[in-house]
Amino acid sequence: MTNTDLRGTVEGRVLLPGDDGFEQAAKPWNLAVRQPVAAVVDAGDAADVAAVVRYAAKTGLTVTAQPSGHGAVSDTEGVILLRTRRLGGMKVRREERTARVGAGVRWGEVLAEAGPLGLTGLAGSSPVVSVTGYTLGGGLSWFGRKYGFAADSVRSFDVVRADGETDTVTAGSDPDLFWALRGGGGDFALVTAIEFDLHPAPALYGGRMMWPAHRAREVFEVFREITAEAPEELSVWFGRAQFPQAPPMVALDVAYLGEEGEGRALLARLDKIGDVIADKRGPVAVADLGNIAAEPTDPSPGRSRAELLTGLDDAAVETLLETPMEPLVGVQVRHLGGALAAARPDAGPSGPVAEPYLLYLFGLAFNPELSAAVGARQERFVEEFGGLVSGRKPYTMLAGGERAAAAFAEGDLARLRDIKRDRDPHGVLRANFPVLAGA
């Protein structure tokens with residue numbers, strides 16, 4: 001068989017190198033990443049997914065699935081890129097507090113449906129990330145401090161196994177595969193739909209506050225005071241920002257799972273900080289959660305790095321506040337803890353996360369030179385934090401050049417690798433960050 005045989009294998013569109021539209025179809029969300037794939041298949045339904053997997057198994061090829069390519073990497077030489085964004089469909093059950101969505105459904109769509117029912121899913125900061133890809137990586141939510149990783153709320157996965165057979169995987173039907181899929185990535189089966197718990201959200205409060213950079217130290221001290229006693233319903237993120245053609249600023253992003261009055265009381269100390277540039281705090285509709293962090297909703301080139309921090313001593317604070325940012329556009333510290341740190345017998349491989357903070361560094365990467373400069377500045381920041389950097393990273397926030405091994409405890413990594421070898425012995429399926437890489 002040749003790759004041209006793919007056209008007769010699936011109902012969806014197949015593009016090969018040299019075809020009109022191939023280069024565009026192969027681009028991921030992060031335009032700084034180039035994916036040198038062998039083919040792009042725009043699956044029309046779950047049957048197409050199964051057909052592509054069977055084709056790859058017969059021809060010795062590898063398949064990687066992406067709705068849009070958030071978290072994509074360049075190590076895709078010779079891989080069939082399976083686009084699953086057409087796998088839609090969503091059903092929200094109010095009484096059961098559950099949602100079932102196809103692999104192409106984005107978080108913004110779920111929140112728009114669940115919010116009017118007084119419910120929310122454990123979405124992250126972006127409304128345009130797919131539910132399935134995010135959840136397979138664990139999923140760090142605004143409400144993770146209250147409910148843990150998004151993956152821990154999953155009830156079932158509809159999958160295509162590495163032999164092309166379809167199945168529905170639950171904790172009862174296949175405990176090992178169910179465990180691996182709840183945060184271990186997409187190495188073990190291709191997920192075509194997912195069912196998960198929704199959580200009560202009768203009221204939300206939050207938004208972003210911004211000040212000029214000279215207020216950074218004062219803002220951070222209040223951030224540290226608030227997070228030291230924050231209830232699990234409250235998430236607060238501190239950030240320095242240097243946007244193009246704008247003066248340096250400092251920001252706090254907040255989300256509170258509760259009434260406005262309670263949220264304002266918890267954050268009252270912020271009102272004493274002068275020189276406020278913007279204060280967008282207020283009641284938040286569930287559907288508008290994605291507006292808090294104001295992340296781009298269109299593809300763009302960038303380079304990110306995330307690290308978990310065991311604490312923030314005085315030296316770390318100086319690094320955070322005084323280390324030059326350029327050419328980064330964002331330096332952020334997210335408060336974790338709560339349910340994310342709790343050991344749960346029914347949890348997936350993502351947790352528990354003992355580290356109380358996550359450091360996130362981001363810069364634009366319009367060309368290789370700028371990307372290299374961003375990477376160098378990120379490295380400088382991490383070196384300055386020294387021993388406070390734990391070395392572990394959330395799988396969902398791994399970046400190019402990093403390995404899945406950094407995301408898991410040693411015993412969990414060994415279990416994931418055993419499951420991979422058992423369920424996909426011929427390596428038909430490939431996650432963005434394969435668990436066997438470097439094994």
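Some observations on this one:
- The lone exception for Ala376 - which of (1) assigned by TED's automatic domain parsing to the domain that holds Thr310; (2) in contact with a strand residue (DSSP E or B) (Cβ under 9 Å, 6 or more places away or on another chain) it fails: (2)
- Some residue of region 18-25 being free of Cβ contacts under 8 Å to residues at least 24 places away in the same chain, aromatic (Phe, Trp, Tyr) and in contact with a Leu (Cβ under 8 Å, 6 or more places away or on another chain): yes
- Region 99-142: number of residues that are on the phi > 0 side of the Ramachandran plot and either part of a helix (DSSP H, G or I) or within 11 Å of the chain's Cα centre (by Cα) (or both): 2
- Lys146 vs. criteria at pLDDT below 95 and at negative phi: no
- Residues that are assigned by TED's automatic domain parsing to the domain that holds Glu369, closer than 23 Å to Leu111 by Cβ, in a helix (DSSP H, G or I) and among the hydrophobic types (A, V, I, L, M, F, W, C) do not occur anywhere in region 305-316.
- For Arg100, the conditions (1) closer than 25 Å to Arg423 by Cβ; (2) in contact with a Phe, Trp or Tyr (Cβ under 6 Å, 6 or more places away or on another chain) are fulfilled apart from (2).
- Set Thr396, Thr323: member being under 24 Å from Val154 (Cα atoms) and either in contact (Cβ under 8 Å) with a residue 24 or more places away in the chain or outside the structural domain of Thr227 (by TED's automatic domain parsing) (or both): Thr396
- Residue list for region 373-421, filter: in a helix (DSSP H, G or I), hydrophobic (A, V, I, L, M, F, W, C) and under 17 Å from Ser350 (Cβ atoms): Met397, Ala404, Ala405, Ala406, Ala407, Leu413, Ala414, Leu416, Ile419
Conditions tested, residue by residue: (1) at pLDDT below 95; (2) closer than 30 Å to Thr120 by Cα; (3) crowded, with 21+ Cβ neighbours inside 10 Å; (4) outside the structural domain of Glu109 (by TED's automatic domain parsing).
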residue: Leu257; (1), (2), (3), (4): no, yes, yes, yes
residue: Gly263; (1), (2), (3), (4): no, yes, yes, yes
residue: Asp275; (1), (2), (3), (4): no, no, no, yes
residue: Gly282; (1), (2), (3), (4): no, yes, no, yes
residue: Ser300; (1), (2), (3), (4): yes, yes, no, yes
residue: Val333; (1), (2), (3), (4): no, yes, yes, yes
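- The residues of region 137-157 that are surrounded by 22 or more Cβ atoms within 10 Å (Cβ to Cβ) and farther than 16 Å from Glu232 by Cβ, listed by number, are Gly137, Gly138, Gly139, Ala151, Val154, Phe157.
- Count of residues meeting criterion [more than 21 Å from Pro116 (Cα to Cα), among the charged types (D, E, K, R) and assigned to a loop (DSSP other than H, G, I, E, B)] in region 252-294: 2
- Condition broken by Arg208, with the remaining ones in (1) under 24 Å from Ala56 (Cβ atoms); (2) more than 19 Å from the chain's Cα centre (by Cα); (3) charged (D, E, K, R) satisfied: (1)
The values are calculated or read from the model by the stated rules, or taken from the named source; none is laboratory data. These numbers were taken from a predicted model, which means no experiment stands behind them. When we count neighbours, we look across all protein chains shown, and the Cβ atoms used for this are built from the backbone with ideal geometry, even at glycine.
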